[in-house]
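Colleague: The structure's right below; bear with me while I get my questions together.
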Amino acid sequence: MDEIKDKGRKIKHKFNRFLRILGPGLITGAADDDPSGIATYSQAGAQFGYGQLWTVILMYPLMTAVQEACARIGAVTGKGLAAVVKANYSKKVLYAVVLLVVVANTINIGADIGAMAASANLIFPIPFVVLALFFTALILALEIFTSYKVYAKILKWLAFALLAYPITAIIAGQNWPEVLKATVIPHFELNFGFFFILTGVLGTTISPYMFFWQASEEVEEEISLNKLAGQDNKPHIGKSFLRNLRIDNAIGMLFSEIITWFIIITTASVFHSNGVTNISTASQAAQALEPLVSTFPNSGFLAKTIFATGIIGIGLLAVPVLAGSASYALSETFEWKEGLYRKLKKAHGFYGVIIVATLIGLMINFVGIDPIKALIFTAVFNGVAAVPLIFLITKLSRSEKIMGEYKSGPISSILLWTTFGAMALSALALFITIFYK
């Protein structure tokens, strides 16, 4: 009996240790499947069926390499990505990069808040306006008034809301041999629509806001673990810290891509197979599931509810990440005091950007701008804009002057340059098809 208890304690200890390793990587990976991402992946499944499933296999090593490089830059320098760019490139480059992130993130915030409110409305008969205001207030209260350690734990557990999508896929029922075949055999259609959605899928997966967020969150982690010391706040990290960083990052990105895979197969099997080829919002995807899923009694309602619950849960995680990454970028650009570990009164500019970006995002839902059209454009725009950013990240992570002994090795460099090439080719193919559509 004692031996069984000892084994149980050891397993529990190892599991708790594993959970402690998970942090910025898991949160960033989960935030990647935000309501706007869900809408983009749903459109890919509805419009092309299983035709873009193979992108999941392609994107995992590429997004993992980019995010690991961003995390490593933050951990080694003790600075966010904008601060590192500022120290090594011209102001024109810095301002262009930061403007891109702030504008794209604000539009994303608006679409995400709208998707959360619309999804909640499918479950609770409460007016859209009330729900949108409620989610905005809740997100701002948690981000501003909760300590970093507590807030990081909340975000970590919210990531598990994404399990709603594997459950929905199982409820909907799948032709698994066909799914697996489409996953490993690439499929292309030489037309504008295919490359537009493909660029959007790549742009919402390998997205600029993730670059800035994860680099800055690694710095937050170092501060919480007292890894920054000395007059110049030089990080005191070792190989074990970087090993844990890579484990966290690899698991977070794997989790993200598994969920992407399930979203595409769910919408492909339910919508595309029933002739529904246009899904413009994440909440529309949830609503459309109900009449089309009939594997057992009430399965349609159950699938709709679970899908909608996932949108709400991950929106609560993603909106703070979007607002936070914009605020990190601006604060580092103008050298304001920044960081979620600081109190509101110690970082007015940092929290001010979070508040303003979130409120502007909320207002997008009420001023006549179509947040969904803007969102799809932003996803595609991110896919194009990520190209020069990945070039900068590759150069920074390979620099011995900046990274010292922790500069990118051969495998990291190959994956980063491959990512740069894949994103550039996708953007180029999109522009070519514009002229021949």
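Colleague: Given a Förster distance of 41 angstrom, what is the FRET efficiency for Glu405 paired with Leu99, based on the Cβ-Cβ distance and rounded to 0.05?
Modeller: Working: r = 34 Å, r/R0 = 0.83.
The value I calculate is 0.75.
Colleague: How do the peptides 56-63, 290-297 rank, highest first, by the average count of neighbouring beta carbon atoms within 10 Å per residue? Write out the running numbers ahead of the final one.
Modeller: Working: 56-63: 19.4, 290-297: 14.1.
Going from most to least packed, we get 56-63, 290-297.
Colleague: Please state the relative contact order of region 282-323 as a whole percent: Cα pairs under 8 Å, 6+ residues apart? All intermediate terms of the calculation are to be shown ahead of the outcome.
Modeller: Numbers: 26 pairs, mean separation 14.6, N = 42.
Once normalised by length, the contact order is 35 percent.
Colleague: Per residue, how large is the accessible surface of the chain? Use a 1.4 angstrom probe and give square angstrom. Intermediate values should be presented prior to the final figure.
Modeller: On the way: 18720 Å² over 437 residues.
Solvent-accessible surface per residue comes out at 43 Å².
Colleague: With the cut-off at 28 Å, tell me which of the pairs Lys91/Lys407; Lys86/Lys407; Lys156/Lys181; Lys91/Lys149; Lys156/Lys239 have Cα atoms farther apart than that. It would help to have the intermediate numbers written out before the result.
Modeller: On the way: Lys91/Lys407 24 Å; Lys86/Lys407 19 Å; Lys156/Lys181 33 Å; Lys91/Lys149 34 Å; Lys156/Lys239 24 Å.
Listed pairs above 28 Å: Lys156/Lys181; Lys91/Lys149.
Colleague: Further, regarding this structure: Using 0.36 nm per residue, how much length does the chain from Phe334 to Lys239 gain when fully extended, once their Cα-Cα distance is taken away? Write down the numbers at each step before the final one.
Modeller: Numbers: separation 95, 0.36 × 95 = 34.20 nm, distance 3.23 nm.
Contour length minus Cα-Cα distance gives 31.0 nm.
Colleague: So what J values fall out for region 168-180 if you push phi through Karplus, 6.51 cos²θ - 1.76 cosθ + 1.60 with θ = phi - 60°, rounded to Hz, Gly and Pro as x?
Modeller: With the stated coefficients, region 168-180 comes to 4, 4, 5, 4, 5, x, 9, 8, 4, x, 5, 4, 5 Hz.
Colleague: Return the carbon/sulfur percentage of the accessible area of region 185-256, one whole number, probe 1.4 Å, all protein chains in place. Walk me through the numbers before you get to the answer.
Modeller: Details: 1720 of 2940 Å².
That fraction is 59 percent.
Colleague: Before anything else, pin down the relative contact order of region 76-209: Cα pairs under 8 Å, at least 6 apart, normalised by residue count, whole percent. Walk me through the numbers on the way to the answer.
Modeller: Values: 28 pairs, mean separation 22.5, N = 134.
Reported relative contact order: 17 percent.
The values are calculated or read from the model by the stated rules, or taken from the named source; none is laboratory data. Just so you know, these numbers come straight off a predicted model, no measurement behind them. So basically every Cβ, Gly included, is an ideal-geometry build from the backbone, and we count neighbours across all protein chains shown. In case anyone asks, the SASA skips ligands and DNA or RNA and just uses the protein heavy atoms, side chains included. Shrake-Rupley method; radii C 1.70, N 1.55, O 1.52, S 1.80 Å.
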